[in-house]
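First the structure, in the form of structure tokens, and then the observations on it.
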Amino acid sequence: MEIAGRDFKTALQTLRRLGLLLETDAHLPSVASLIAGEPISGSWWSHEFAQKIFATLGQFEDHRDVMFTKLISGKVTLVHRKLWPEILAIGTARAPWQVKGLSKWARHLLEMIDEQGSLRTDRLVWPRLATVKPAEVARELEKKILIHTGQVHRNRGSR
């Protein structure tokens with residue numbers, strides 16, 4: 001699809017120049033606004049260019065120079081490779097603003113990650129007494145930029 005290809009190239013050039021792009025935002029630079037040609041308030045899924053936005057975001061997910069994380073206001077943010085060292089420095093700093101107020105379970109999961117390097121929340125041996133699920137705890141750590149998360153899409157048949 002040539003139009004989506006041009007959309008992607010334009011968005012990638014913008015990401016390279018700025019270093020960061022939100023997935024969507026009504027005020028800050030975002031992939032959705034670039035593709036739509038205007039700021040989008042509310043969900044981009046209902047916008048007339050939703051399919052183009054979805055296709056472009058899919059191309060970014062597969063791009064080696066792009067990382068998705070929740071960086072700005074807890075929103076999905078695309079980060080260009082040129083800023084990865086800075087993101088890593090923040091993530092490994094363990095600054096007081098990052099660790100202060102972490103829940104017991106967030107501290108537990110962070111220790112597990114420190115020991116093992118990386119984990120999948122769907123494969124964790126999680127304490128039975130835990131009052132929260134590992135994915136919820138991972139979101140808490142992600143908001144503090146203590147971990148980087150990703151999604152694994154698997155084919156599951158239904159019975």
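Only the coordinates and a few stated rules stand behind these numbers; no lab work does. Quick caveat, the model's predicted, so the values are computed rather than measured. Backbone-built Cβ (ideal geometry, glycine too); neighbour counts: all protein chains shown.
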Which of rounded, prolate, oblate describes region 2-85, given a ≥ b ≥ c as roots of the alpha-carbon gyration tensor eigenvalues and a/c under 1.5 marking rounded, otherwise prolate only if a/b is larger than b/c? oblate
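For the chain, take N as its residue count and report Rg(C-alpha) divided by 2.2 N^0.38 Å.
Rounded to two decimals, the normalised Rg is 1.17.
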Can you give me the C-alpha center-to-center distance between region 4-31 and region 96-112, rounded to a whole angstrom? 32
Counting sequence-distant residues (5 or more places) and residues on other chains, those with an amide H built under 5 Å from that of Val132 are none
Between Leu18 and Glu136, the FRET efficiency computed from the C-beta separation at R0 = 30 Å comes out, to the nearest 0.05, as 0.45
Which of Thr56, Pro85, Thr10 sits closest to the plus end of the dipole of region 2-85, meaning its Cα is farthest towards the positive end, when Lys and Arg get +1 and Asp and Glu get -1 on the C-beta? Pro85
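Would you mind classifying region 100-143 by shape? Square roots of the alpha carbon gyration tensor eigenvalues, ordered a ≥ b ≥ c; an a/c under 1.5 is rounded, otherwise it is prolate if a/b is larger than b/c and oblate if not. Working shown, then result.
Working: a/c = 1.43, a/b = 1.08, b/c = 1.33.
The shape class here is rounded.
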FRET efficiency for Ala89 and Trp126 from the Cβ-Cβ distance with R0 = 25 Å, rounded to 0.05, comes out at 0.25
Residue separation times 0.36 nm, minus the C-alpha to C-alpha distance between Arg64 and Arg81: what's the value? 5.3 nm
Could you name the lysines whose alpha carbon sits less than 23 Å from that of Lys75, not counting residues in the same chain fewer than 8 places away? Lys9, Lys52, Lys100, Lys133, Lys143, Lys144
